[in-house]
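Peer 1: Can you read through this structure? Questions will come right after.
The values are calculated or read from the model by the stated rules, or taken from the named source; none is laboratory data. These numbers were taken from a predicted model, which means no experiment stands behind them. Methodologically, a virtual Cβ is constructed for each residue, glycine included, from the backbone with ideal geometry; neighbour enumeration extends over all protein chains shown.
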Amino acid sequence: MSDPFHQRPTRIDVDLDAFAHNHAAIRARVGVPVMGIVKANGYGHGLVPMAGALERQGVEQIGVAFVEEGIALRNAGIRTPILVLGGIFGPQVAQYLDHDLEITVSSLDKLRQVEVAAEARGQRAVVHLKIDTGMERIGVHSYSSAAFIEAAAASRWCEIKGVYSHLACADDPTSPMTHLQLECFLEACAHFERIGAPMPIRHLANSGGVLHFPETWLDMVRPGIILYGVLPDPASLGTIDLRPVMSLTSQVVYFKVIPEGATVSYGATWRSERQTRIVTVPIGYGDGWPRALSSTGEVLIRGRRYPVVGRVCMDQFMVDIGTDSAWNEDEVVLIGRQGGEAISAEEVAARIGTIPYELLVGLNERIPRHYQGKIGLHAAII
Ligand SMILES: *Cc1c(COP(=O)(O)O)cnc(C)c1O
């Protein structure tokens with residue numbers, strides 16, 4: 001606690017009880033195993049702590065984007081099966097095998113690369129085949145996946161644990177795209193039956209699929225953002241009881257009165273229309289608090305909403321509290337609740353025309369994370 005970093009007035013609090021609640025609510029709703037997604041620093045909440053919490057709750061599988069993330073989890077002692085969702089980069093294949101990470105195989109070429117590496121080590125690779133049903137990102141097109149599936153099924157060095165695809169529009173409950181993708185995916189999977197190969201675990205649903213398309217749940221679901229209690233898109237509906245996991249707060253570090261006509265911050269883009277009270281908050285775009293919130297964002301102080309005025313700087317921004325009062329060290333809520341008011345990640349993202357994913361993962365390591373909840377390392381700080 002004497003670490004000056006952790007005394008910083010700006011902090012992220014992660015509510016591991018809310019996280020456990022969301023996981024349990026999703027698991028109960030879908031009734032199939034869950035692959036909890038913790039890529040990009042656990043959506044900004046912390047990679048190892050969130051994977052550790054999932055593991056203690058008995059999650060069946062963990063998903064990350066990059067092999068480095070999987071290695072970090074193994075080095076931290078996480079033992080749950082981990083799938084790396086990203087496409088493999090040939091020179092890294094040996095690292096998957098070294099760290100017992102499951103591999104996404106997304107083309108015939110990559111299947112061969114994995115086989116070569118696995119054979120060289122005399123160790124079978126556990127793989128999930130990636131079928132493209134409309135993202136055009138990675139994966140073999142569903143309409144030409146038969147030969148790919150046959151080659152993988154015949155491989156001595158690959159054990160096919162899963163087969164999966166990714167939904168492009170599942171956060172919009174009205175989009176017809178999801179049903180088309182599901183049809184293509186099931187048609188591709190049917191090839192395992194045709195060739196008499198065992199059916200691997202079929203997984204398709206991201207958060208949007210979990211919320212809106214029960215027919216996509218299949219054998220396993222892959223929720224990310226809803227585990228953290230955040231909806232993927234303004235079009236999404238809260239069909240599951242979710243609780244926000246993250247609060248982002250800071251504290252007032254400066255108070256002043258400015259006269260009518262004074263400008264605030266870089267570029268002098270905001271000018272007071274009357275004498276007013278301004279407080280300074282020690283967080284900025286250097287922490288990942290977006291500069292786009294300049295004269296646009298709002299914060300909570302003493303249970304009331306106040307506007308961000310002038311440009312957000314790298315390390316600070318200013319708030320106009322009008323004729324109200326605030327003291328140094330008063331709590332400033334950027335995401336979270338205070339009194340009867342709340343500011344959600346969804347709200348902040350919508351204000352600046354982005355999605356909550358980008359906002360959350362942008363909050364960087366300069367902000368200390370504090371973990372609370374009985375599922376967690378008790379009141380631990382990491
Ligand atoms: C990120 C990701 C997910 C989780 O997406 P959410 O929208 O956060 O639920 C699932 N599957 C794949 C392949 C992903 O890359």
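Peer 1: Would you mind telling me which numbered condition in (1) hydrophobic (A, V, I, L, M, F, W, C); (2) assigned to a loop (DSSP other than H, G, I, E, B); (3) within 14 Å of the ligand (Cβ to nearest atom) PHE185 fails?
Peer 2: (2)
Peer 1: Every residue in the range 343-376 that is among the hydrophobic types (A, V, I, L, M, F, W, C) and in contact (Cβ under 8 Å) with a residue 24 or more places away in the chain, please. Show your work before the answer.
Peer 2: Of the range 343-376, the ones among the hydrophobic types (A, V, I, L, M, F, W, C) are 343, 345, 348-350, 352, 355, 359-361, 363, 367, 375.
Scanning the range 343-376 gives ILE343, ALA345, VAL348, ALA350, ILE352, ILE355, LEU359, LEU360, VAL361, LEU363, ILE367, ILE375.
Peer 1: Let me ask something else about it. Take residues that are aliphatic (A, V, I, L, M), touching a His at 6+ places or on another chain (Cβ under 6 Å) and modelled with pLDDT of 95 or more and tell me which of the helices (runs of 4 or more DSSP H) falling wholly in the range 12-88 contain 2 or more. Can you show your working first?
Peer 2: Details: elements: 16-30, 39-43, 47-56, 67-75.
Fully inside the range 12-88 and qualifying: nothing.
Peer 1: Looking for something away from the ligand (no atom under 16 Å from the Cβ) and in contact with a strand residue (DSSP E or B) (Cβ under 6 Å, 6 or more places away or on another chain) - is there at least one such residue anywhere in the range 234-248?
Peer 2: Taking the range 234-248 first, the residues away from the ligand (no atom under 16 Å from the Cβ) are 241, 243, 247-248.
Restricting the remaining residues to those that are in contact with a strand residue (DSSP E or B) (Cβ under 6 Å, 6 or more places away or on another chain) gives 247-248.
Yes, the range 234-248 contains a residue that is away from the ligand (no atom under 16 Å from the Cβ) and in contact with a strand residue (DSSP E or B) (Cβ under 6 Å, 6 or more places away or on another chain).
Peer 1: Going by the conditions given, is MET318 of a type in the set (A, V, I, L, M, F, W, C) and assigned to a strand (DSSP E or B)? Let's see the steps before the verdict.
Peer 2: Details: of a type in the set (A, V, I, L, M, F, W, C): yes; assigned to a strand (DSSP E or B): yes.
Yes; evaluated as a whole, the condition is true for this residue.
Peer 1: Would you pick out the residues in the range 286-338 that are of a type in the set (D, E, K, R), within 19 Å of GLY261 (Cα to Cα) and touching a helix residue (DSSP H, G or I) at 6+ places or on another chain (Cβ under 8 Å)?
Peer 2: Selection gives ARG311 alone.
Peer 1: Looking at this structure, is GLY284 surrounded by 19 or more Cβ atoms within 10 Å (Cβ to Cβ) and not polar (S, T, N, Q)?
Peer 2: Spelling it out, GLY284 is indeed surrounded by 19 or more Cβ atoms within 10 Å (Cβ to Cβ) and not polar (S, T, N, Q).
Peer 1: Taking only pairs six or more apart or across chains, which ones have beta-carbon atoms under 6 Å, a first residue in the range 218-246 that is assigned to a loop (DSSP other than H, G, I, E, B), and a second residue that is more than 14 Å from the ligand (Cβ to nearest atom) and among the hydroxyl-bearing types (Ser, Thr, Tyr)?
Peer 2: Cβ pairs passing all conditions: none.
Peer 1: Would you pick out the residues in the range 59-85 that are of a type in the set (Gly, Ala, Ser), under 19 Å from ASN206 (Cα atoms) and either away from the ligand (no atom under 12 Å from the Cβ) or surrounded by fewer than 21 Cβ atoms within 10 Å (Cβ to Cβ) (or both)?
Peer 2: ALA65
Peer 1: Can I ask one more? Any residue in the range 84-100 that is farther than 14 Å from GLU69 by Cβ sitting within a Cβ distance under 7 Å of a residue that is of a type outside the set (D, E, K, R) and surrounded by fewer than 16 Cβ atoms within 10 Å (Cβ to Cβ)? List the pairs, counting only those 6 or more apart or interchain.
Peer 2: Here the result reads LEU97/GLN123, each pair linking the range 84-100 to a residue that is of a type outside the set (D, E, K, R) and surrounded by fewer than 16 Cβ atoms within 10 Å (Cβ to Cβ).
Peer 1: Report whether or not SER165 is within 17 Å of ASP219 (Cβ to Cβ), within 16 Å of the ligand (Cβ to nearest atom) and either acidic (Asp, Glu) or in contact (Cβ under 8 Å) with a residue 12 or more places away in the chain (or both). Break it down into steps so the answer makes sense when it comes.
Peer 2: Working: within 17 Å of ASP219 (Cβ to Cβ): yes; within 16 Å of the ligand (Cβ to nearest atom): yes; either acidic (Asp, Glu) or in contact (Cβ under 8 Å) with a residue 12 or more places away in the chain (or both): yes.
So SER165 fits the description; yes.
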